[in-house]
Amino acid sequence: METNSGNKRCARKVQLLVTSTLLLLQNFLIIPQIFAKEISSVHIVYMGDKLYHNTETTKKYHQNMLTSLLGSKEAAKNSLLYSYKHGFSGFAARMSKSQAQDIAKFPEVVSVIPNGIHKLHTTRSWDFIGVHHPSSKTVFTESNLGEGTIVGVIDTGIWPESASFNDEAMGKIPSKWKGVCQVGEKFNSTNCNKKIIGARWFLKGINDHTKNLILGNNDTSEYLSARDAIGHGTHTASTAAGYFVENANYKGLASGLARGGAPLAHLAIYKACWDVPIGHCTDADILKAFDMAIHDGVDVITVSLGITIPLFSYVDQRDTIAIGSFHATSKGITVVCSAGNSGPISQTVTNTAPWLITVAATTIDRAFPTAITLGNNLTLWGQSIDNGKHNLGFTGLTYSERIARDPSDDLAKDCQSGSLNETMAAGKIVLCFSVSDQQDIVSAALTVKKAGGVGLIYAQHQEDGLNECGILPCIKVDYEAGTQLLTYIRRARFPTARISFPKTVIGKWISPRVASFSSRGPSTMSPTVLKPDIAAPGVDILAAFPPKGTKKSSGFTFLSGTSMSCPHVAGIAALIKSKHPNWSPAAIRSALVTTASQSGTDGSLISEEGSTNKEADPFDIGGGQVDPNKAMNAGLIYNITTEDYIQFLCSMGHDTASIRKVTKTTTSCNKQKNQALINLNLPSISIPNLKKDTTVMRTVTNVGNINVVYKAIVKSPYGVKVSVEPQILRFNSDTKVLTFNVSFISTQKLHGDYRFGSLTWTDGKHFVRTPIAVRTIQFES
């Protein structure tokens, strides 16, 4: 009995052990499947230039490649997100890491990369830089204004109801246009007109990246359409090509006639950036936007977004802006990009490919001074755009550290969250000092509001751009004014202050100045390419904006960033293209750079608003502040072909085989390929490693008077002798293109930093200026 009972117990144990083992095995079999699904992500398979002229044939070719990789047509269909088949060849598809490695071995494939992320670089300005357009009442008499050109905007979409996008007086849609008005959530075909002639939206890349956050989240403010939920794209589009809007303003500030740089240009919208989180754009969506813009027939593309340092090689597919813009430029489309908002630190400029126009940001001559009257009748000035209904009169004034919740820490100094004593802050205007990059005026205002304060004065170092706090009046002052306020608070028994409403003042501030946030050169990827190329207004720019659900919105707002300076130049590029339809993108860039201004409104050289307030150099502003009127009549231009760009890529160390894969050309690298590094026919000269001497070659094309003579004027960088041969260029009906050499000899005996100069060709009427940057090298490891 006992033996039989023991046998039964043993049998049950064995049965349980087997069952447990099977369950464990089942779990082990399931886990890899789950893990495989988790690591499956979007990859971009880039194949260079188009394989077939027929787009459907190209798409089928891509599907067949995926079928071969994944084993079935159904799997290929479910995997494919985009087929790039217009400007270049490739596709975006979901695949595992091992599958990506396998398809990279296919002979047609140039490279395979994971789907990366890019971020956004976020009226009076047109008068300030000299574009004095007539009002809408006289627009019919004008012959240019960008008429007939199409500006493509790769951004966050558009708010089509904005007055900036009405099509009054717009011409016919160009016959070359091949685009569509893609319908979607709260966006139908009637939202397009003769101003917004096309709109597309690209969601698949970001949706996969966020695991269907947009499609599956009812709480998001996003629209599954080309409609703009963020406002960034609406702002940039209206800056580039918005129509005339009279009495445009932001809560009564900056009132006047609003318009874009090319008000009669057409707009084509490509929404590739989404509000998850704000301003995120994936490589897959950006590439598809470029692909369709090339197909649709745009003339200019404005791209106010980018990556951060470290930068990728121009043939590395992780820099999709460089790749997409290369194919656009080779098709004659001018691409304008923002330089980035990482200034004033040097070597932070992005979008540095030589075929791009890279734009820095500057201030304009408009300000919003706001008076702070103290109880001792002293008046100090700050700036604000908080124009809400507040009538505080004289109110108690205190310093944040005096009302700290915990006096033993420094959190109250810049009014960090929860740092203020509610009892002591209640009903008072609070002075805070910015001491870290983790805090800003808007966050400080929220802290003061929560503590019961009624106003904020925020003292900080020079940082361009104003933000509305909205919840209470807030004023930005510099450290000097902040210290005067603090001195008064410490001396007065009952310190009080009265905050006035901001005013709009024009023409009283020296400008332009390089914006503190504008990214600086030199380029870390290709220091022989001087970047940025040009500077344009990018601080407190008033332009169209979605109403954001409020009936009181004027439909306009202020934004600052190189995102705002970029569409200024794109609009001007459209003006130039309208007047000179046969000019190449390089010719348009040349006209912008060589005619730019280096002087401010007071006649002095432009300075930069950073840590030093020094005179601006080419790494701050490139050729200088854009001058649209002079750019229309440049005199001479520096032209560049696609072949030249290919030889430049050769000079950067890329072999013929890899470059051919990208460009799908039969071009081979020249034996003298190293010369292409400094001899690329840019309208600027940058020599990062001058040891003893070197010679640079440039070629100019006469686009002015037929019979004309130009003479060279040289401003040599310190420690460098510069000579030009020949010193005189003679053009006539038979001679329209001439080449010259610029020789550099170092006189320095010490290892130096960059020094700056210029070469100007003049016929007495035109002054065609080439900025120069040279660094002497006397030490090598």
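Remarks
- Region 392-509 - percent relative contact order, Cα under 8 Å, separation 6 or more: 27
- Between residue 739 and residue 371, the modelled label-to-label distance comes to 6.7 nm, taking each label 7 Å out from Cα in the direction of the beta carbon.
- Our helix-only sum for the chain, with -39,500 (n - 2.57) per DSSP H run of n ≥ 4 divided by its residues, gives a mean residue ellipticity at 222 nm of -7500 deg cm²/dmol.
- Under-18-angstrom lysine pairs by C-alpha in region 683-752, whenever the two are 8 or more apart or on separate chains: 6
- Among 732-742, 699-709, 584-594, 351-361, the peptide with the highest mean count of other Cβ atoms within 10 Å heads the list, and the full ranking is 351-361, 584-594, 699-709, 732-742.
- Space enclosed by the convex hull of the alpha-carbon atoms of region 641-781, per residue, Å³: 129
- A cut-off under 13 angstrom between Cβ atoms defines the neighbours of residue 355, and their net charge, with Lys, Arg +1 and Asp, Glu -1, is -1.
- Net +/- balance of residues flanking residue 333 in space, Cβ distance below 11 Å, scoring K and R +1, D and E -1: 0
- Burial ranking of peptide ranges 41-49, 718-726, 340-348 (average Cβ count within 10 Å, highest at the top): 41-49, 340-348, 718-726
- Using the empirical formula 2.2 N^0.38 Å as the baseline, the Cα radius of gyration of region 471-619 reaches a ratio of 1.40.
- Nearest-10 value in Å² for the accessible area of residue 238, using the 1.4 Å probe: 10
- Formal net charge of residues neighbouring residue 148 (Cβ-Cβ distance under 11 Å; K, R +1; D, E -1): +2
- Applying 1/(1 + (r/R0)^6) with r as the Cβ-Cβ distance of residue 185 and residue 480 and R0 = 56 angstrom yields a FRET efficiency of 0.65.
- When only Cα pairs below 8 angstrom with a gap of at least 6 residues are kept, region 299-383 shows a relative contact order of 25 percent.
- Residues of region 400-417 with an amide N closer than 17 Å to a point placed 7 Å from the Cα of residue 436 along the Cα-to-Cβ direction: 400-401, 404-417.
- With R₀ set to 25 Å, the beta-carbon distance separating residue 727 from residue 655 gives a calculated FRET efficiency near 0.05.
- Set against the 2.2 N^0.38 Å expectation for a compact globular protein, the chain has a Cα radius of gyration ratio of 1.07.
- Of the solvent-accessible surface of the chain, computed with a 1.4 Å probe over protein heavy atoms with every protein chain present, carbon and sulfur atoms account for 52 percent.
- Rounded to 0.05, the FRET efficiency of the residue 778 and residue 641 pair, given R0 = 30 Å and the Cβ-Cβ distance, is 0.25.
- The aspartates and glutamates whose alpha-carbon is closer than 19 Å to the alpha-carbon of residue 476, local same-chain residues fewer than 8 away aside, are 365, 386, 401, 414, 437, 440, 463, 464, 468, 540, 609.
- Cross-link pairs exceeding 32 Å in C-alpha to C-alpha distance, out of 77/178; 428/548; 186/288; 251/428; 195/765, comprise 195/765.
- Here region 497-520 is scanned for amide nitrogen atoms under 19 Å from the site 7 Å beyond the Cα of residue 602 along Cα-to-Cβ, giving 505-516.
- Surface accessible to a 1.4 Å probe, residue 121 within the full protein complex, Å²: 20
- Amide N of region 500-526 lying under 13 Å from the label point, which is placed 7 angstrom from the Cα of residue 378 along Cα→Cβ: none
The values are calculated or read from the model by the stated rules, or taken from the named source; none is laboratory data. Worth saying up front: this structure is predicted, and the values here are computed from it rather than measured. Reconstructed Cβ throughout: ideal geometry from the backbone, glycine too, with neighbour counts over all protein chains shown. For accessibility, only protein heavy atoms count, side chains too; no ligands or nucleic acids. Shrake-Rupley method; radii C 1.70, N 1.55, O 1.52, S 1.80 Å.
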